[in-house]
Amino acid sequence: MIGSPVLRTNLRSGGKRLWAAGAAVVISVAFVVTALILLGSFNRTMEAQAVADAEGADLVVNAEALTWAQNAAEEAGTSETSSGDRPDQQLADAISELDAVAEAEALSFVFLQGESSGVDSMLLAGDLPETRTMDVAEGSLPEQDDQILLVTDFAEANNLGVGDTMQVATERFNAESGNVEEGSAELTVSGLASGYHRTVSGYVSSEGLESLDADQTPTSLRVAMTGEDHGDTQAQEELQQQIADVVAAMIDNGELPTDTGSDDDAAQIFTQPDGSLVVAGVDIRTQQQIIDAWVADLTGQSTALLSIGLGFGAIAVFVASLVISNTFQVLVASRSRTMALLRAVGATAGQLRRATVAEGALLGVGGGVLGVLLGWSAAVGIATVAQRFWLESFSSAQLSVLAVVTGLLLGVAVTVLAAVMPALKAGRTSPMEALRPVEISAGPKRIPWVRTVLGVLLAAGGLGGVLLSALIHSRCWVPQVPSSDSLGFCSWAGSWFHVPLPSWGSSLPECRV
Amino acid sequence: MSGTARVRSVETMTTLAKTTVQAAVRAEALTKTYGAGNAAVRPLQNLTVSFPAGRFTAVMGPSGSGKSTLMHVLAGLDTPDGGDITLATDRGPISLTGLTEKQLTRVRRDSIGFIFQAYNLIPAMTAEENIVLPSSLGGRAQVDKTFFRHVVDRLGLTDRLHHRPFELSGGQQQRVAVARALVARPSVVFADEPTGNLDQASGAEVLDLLRTAVDEFGQTVIMVTHDAAAAAVADSTVLLADGRVVQTREEPSAEELAAAMLHAGSVVGAPAAGQATDGGVS
Ligand SMILES: Nc1ncnc2c1ncn2[C@@H]1O[C@H](COP(=O)(O)OP(=O)(O)OP(=O)(O)O)[C@@H](O)[C@H]1O
Ligand SMILES: [Mg+2]
């Protein structure tokens, strides 16, 4: 096909027009490739963060269901346990009894309304987990009840450093009066913790958390195993089963609250597709399972990122296909005499069609290769910027097979599709056209201008639409439990579009809708 | 120039006259109509003609008499409304009527050479690429290298092969077109006023080349011309008027042809009766 004299002729006579169409291919492919590569970085970052957060825990038990069940039971007045007892704490105690368990801790956090830089902001403070080795970048762990270890990202965003104090407002629901009682506290920053922290922005000692006049929200139980079993997958799975049995037994004995009341099936153990076990809504996951679950959770955000990238890409591809198809129409029209002459000396209609499509395919391959390179460079640049200004641990951009294949296929598909109609037209050229006198009219020169302006307007409108929807979305990407990282993403997405979002907190009410 | 060409053609004629001359192209009862009703134009009206192989035939006639239309139809560039065309190729006779567009294209590529009045060349191709175009389009066998050299040499294009058409003079361009038509060794070369756009000297050169092709390579050439002197270079001349053959002359002199043309001009629109002979040379 490359050897076809028709194709050779086409390429030589395409000239500047082909360059313009090629640039359109390059840009649209680059958009998509950048989005795909950054998605890869994003997912690797998520994975690394989930791994960091799960580190130290052999199993994680989600205790939220227990809290809900207890609240429901209290409201219905059927509570067998006193409201002072935390069911997750009881479960942790029971799990600690198991032989293989070195430590089982029930973690919770409190909402604190803080004031910083003149902006009302929200801070989630949790128990300092003993099963996780804190990477203290500066200062020390909280030893006093009024000390707090802040997550570095949060501290930086709020201009807080070691030794600074922060005034926080607390809230506690009084079940007897049915009122929310407000209180306040002063916390001193004891140190800064680097690394990724999934649920909270700061850590207080368990005693410190108790001393705060605020409702504690249980999150999860972290279980660490003894000696050699620590980190052993098989041992983890065995313990997982044992814990499920413990939960089931406690439910049967009425030691743990359930939603289903005295239902016989309440204590049944289910195995989920990922291998995790569920008893009465309590998820029991091994380290790898909880990492996978968190990653899957966070991928929701990267899907949003992907949809923006692909949205831009789709517009770029659309505009590119208009440009390319227009270019090919003009090219075929301008070549009609040459085409007719080729027909006259023996080129078949099929040869002209194939040559035009091949011209498109070549343009697509060339533009695709350049687009992949450009997209890759852009992704490397963006990832570097993200590392410097957003998240130090953001994973570097890596060229993936998916990005390369998608980019090339897209480039070729767009150009080939755009070339099909003009190719059919080229095939319909009659050899007699070569014998007509030179064209008398030069054709209306103004129309391409109109088209270009229209195209630009359409593209600008489309981009504006995507920007708008991205902005709206960026306020809703925060998962149910707001945390430093989701805030980071929120404001990062904002800065991506040059829209200043408040550094923390103030947009949360909307986000949590 | 015309003098030498005449002498050679006379010699050729005497040898050919002794053998039975095969028809390279034969057209029977061709009709072609453009438009309909009162506005209908009939460039070919039941035209029957036959052109002998290995000879140089000129076609003359007043403007609008259907010369170009006849060339296009015979060369398979256009289709007649009625009638038959038989082309004698080295793979046996082929009837052009009834071929599909694709088959017709193949016949054009493999068996027919065409030289137009102008715009014969692909601008994006070098002279050499233009010359070998039919075979590079997938025609039969590769171009015969020695024959190519010979033709190019004879046409004086050897040092022009890598130039693009716009770098060549009109005469050189037309010689490239002649080379393209000859190098593929087609069964017939059609030329529609090949010298029409050229000055005297360049025109004479092109005519000389066509004459040589017939004499040296045994090529069949059919050429439309308005120039009686050019037609006189050919072996015979077919006179057209009003879509019909009105006369065929063997070895006419330029003066004879000029006179015949004047006469043909006067009979345009009248029935082609009188001293007009039947359409055909055999
Ligand atoms: N595509 C066409 N549509 C309508 N009429 C046409 C077309 N082509 C040719 N004709 C008409 O057919 C007639 C014969 O045209 P043709 O070109 O064959 O003449 P010609 O003998 O080559 O004339 P000239 O010596 O001027 O080149 C003319 O009357 C012309 O107007
Ligand atoms: Mg003509």
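The values are calculated or read from the model by the stated rules, or taken from the named source; none is laboratory data. Quick caveat: nothing in here was measured; it's all calculated off a predicted structure. With ideal geometry, Cβ positions are generated from the backbone for all residues, glycine too; neighbour counts draw on all protein chains shown.
Please state which one of B:VAL238, B:VAL206 is within 19 Å of B:ALA254 (Cα to Cα), assigned to a strand (DSSP E or B) and not hydroxyl-bearing (Ser, Thr, Tyr).
Values: B:VAL206 fails: assigned to a strand (DSSP E or B).
Of the residues listed, the single one that is within 19 Å of B:ALA254 (Cα to Cα), assigned to a strand (DSSP E or B) and not hydroxyl-bearing (Ser, Thr, Tyr) is B:VAL238.
Among A:LEU424, A:LEU408, A:LEU435, which is the only one that is within 14 Å of another protein chain (Cβ to nearest Cβ), among the hydrophobic types (A, V, I, L, M, F, W, C) and in contact (Cβ under 8 Å) with a residue 40 or more places away in the chain? Lay out the reasoning, then the answer.
On the way: A:LEU424 fails: within 14 Å of another protein chain (Cβ to nearest Cβ); A:LEU408 fails: within 14 Å of another protein chain (Cβ to nearest Cβ).
Of the residues listed, the single one that is within 14 Å of another protein chain (Cβ to nearest Cβ), among the hydrophobic types (A, V, I, L, M, F, W, C) and in contact (Cβ under 8 Å) with a residue 40 or more places away in the chain is A:LEU435.
Return yes or no: is B:VAL151 away from chain A (no Cβ under 13 Å) and at pLDDT 90 or above? Break it down into steps so the answer makes sense when it comes.
On the way: away from chain A (no Cβ under 13 Å): yes; at pLDDT 90 or above: no.
Answer is no for this residue.
With in the same structural domain as A:ALA419 (by TED's automatic domain parsing), farther than 29 Å from A:ASP229 by Cα and within 27 Å of the chain's Cα centre (by Cα) as the only criterion, which of A:LEU18, A:LEU36, A:LEU11 stands out? Quick ask: steps written out before the conclusion?
Values: A:LEU18 fails: within 27 Å of the chain's Cα centre (by Cα); A:LEU11 fails: within 27 Å of the chain's Cα centre (by Cα).
Unique residue meeting the criteria: A:LEU36.
Would a scan of region B:37-46 turn up a residue that is among the basic types (Lys, Arg), within 9 Å of ligand 1 (Cβ to nearest atom) and away from every other protein chain (no Cβ under 14 Å)? Quick ask: steps written out before the conclusion?
As a first pass, look at region B:37-46 and keep what is among the basic types (Lys, Arg): B:42.
Keeping just the survivors that are within 9 Å of ligand 1 (Cβ to nearest atom) gives B:42.
Filter once more, keeping what is away from every other protein chain (no Cβ under 14 Å): B:42.
Yes - at least one qualifying residue is present in region B:37-46.
Go through region B:58-82 and give me each residue that's within 16 Å of ligand 2 (Cβ to nearest atom), among the polar types (S, T, N, Q) and farther than 13 Å from B:GLU193 by Cα.
B:SER65
May I ask you to verify whether B:LEU87 is more than 24 Å from B:PRO194 (Cα to Cα), away from ligand 2 (no atom under 16 Å from the Cβ) and either away from every other protein chain (no Cβ under 14 Å) or touching a Gly at 6+ places or on another chain (Cβ under 8 Å) (or both)? Don't jump to the end; show me each part of the working.
Values: more than 24 Å from B:PRO194 (Cα to Cα): no; away from ligand 2 (no atom under 16 Å from the Cβ): yes; either away from every other protein chain (no Cβ under 14 Å) or touching a Gly at 6+ places or on another chain (Cβ under 8 Å) (or both): yes.
Here the answer is no, as B:LEU87 does not meet what is asked.
Residues checked against (1) aromatic (Phe, Trp, Tyr); (2) within 30 Å of B:ALA258 (Cα to Cα); (3) within 14 Å of chain A (Cβ to nearest Cβ); (4) within 18 Å of the chain's Cα centre (by Cα):
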| site | (1), (2), (3), (4) |
| --- | --- |
| B:THR57 | no, yes, no, yes |
| B:MET71 | no, yes, yes, yes |
| B:GLY92 | no, no, no, no |
| B:ALA118 | no, yes, yes, yes |
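What's the number of the only condition in (1) within 14 Å of chain B (Cβ to nearest Cβ); (2) touching a Pro at 6+ places or on another chain (Cβ under 6 Å); (3) surrounded by fewer than 23 Cβ atoms within 10 Å (Cβ to Cβ) that A:GLY346 fails to meet?
Condition (3) is where A:GLY346 drops out.
Being touching a Leu at 6+ places or on another chain (Cβ under 7 Å) and either modelled with pLDDT of 85 or more or surrounded by fewer than 22 Cβ atoms within 10 Å (Cβ to Cβ) (or both) is the requirement here; does A:VAL26 meet it? Full working, then the answer.
Working: touching a Leu at 6+ places or on another chain (Cβ under 7 Å): yes; either modelled with pLDDT of 85 or more or surrounded by fewer than 22 Cβ atoms within 10 Å (Cβ to Cβ) (or both): yes.
So A:VAL26 passes the test.
Taking the residues in region B:61-102 that are away from ligand 1 (no atom under 12 Å from the Cβ) and of a type in the set (Val, Ile, Thr) as candidates, determine which candidate is surrounded by the most Cβ atoms within 10 Å (Cβ to Cβ).
So the residue we want is B:ILE85.
For region B:124-138, check the following and say yes or no: at least one residue is away from chain A (no Cβ under 13 Å) and either part of a helix (DSSP H, G or I) or touching a helix residue (DSSP H, G or I) at 6+ places or on another chain (Cβ under 8 Å) (or both). Talk me through it step by step, then tell me what you get.
First, the residues of region B:124-138 that are away from chain A (no Cβ under 13 Å): B:127.
Subsequent filtering for residues that are either part of a helix (DSSP H, G or I) or touching a helix residue (DSSP H, G or I) at 6+ places or on another chain (Cβ under 8 Å) (or both) retains B:127.
Yes, because at least one residue in region B:124-138 is away from chain A (no Cβ under 13 Å) and either part of a helix (DSSP H, G or I) or touching a helix residue (DSSP H, G or I) at 6+ places or on another chain (Cβ under 8 Å) (or both).
In region B:21-37, is there at least one residue being among the aliphatic types (A, V, I, L, M), within 16 Å of ligand 2 (Cβ to nearest atom) and more than 27 Å from B:GLU251 (Cβ to Cβ)?
Looking for residues that are among the aliphatic types (A, V, I, L, M), within 16 Å of ligand 2 (Cβ to nearest atom) and more than 27 Å from B:GLU251 (Cβ to Cβ), one finds none in region B:21-37, hence no.
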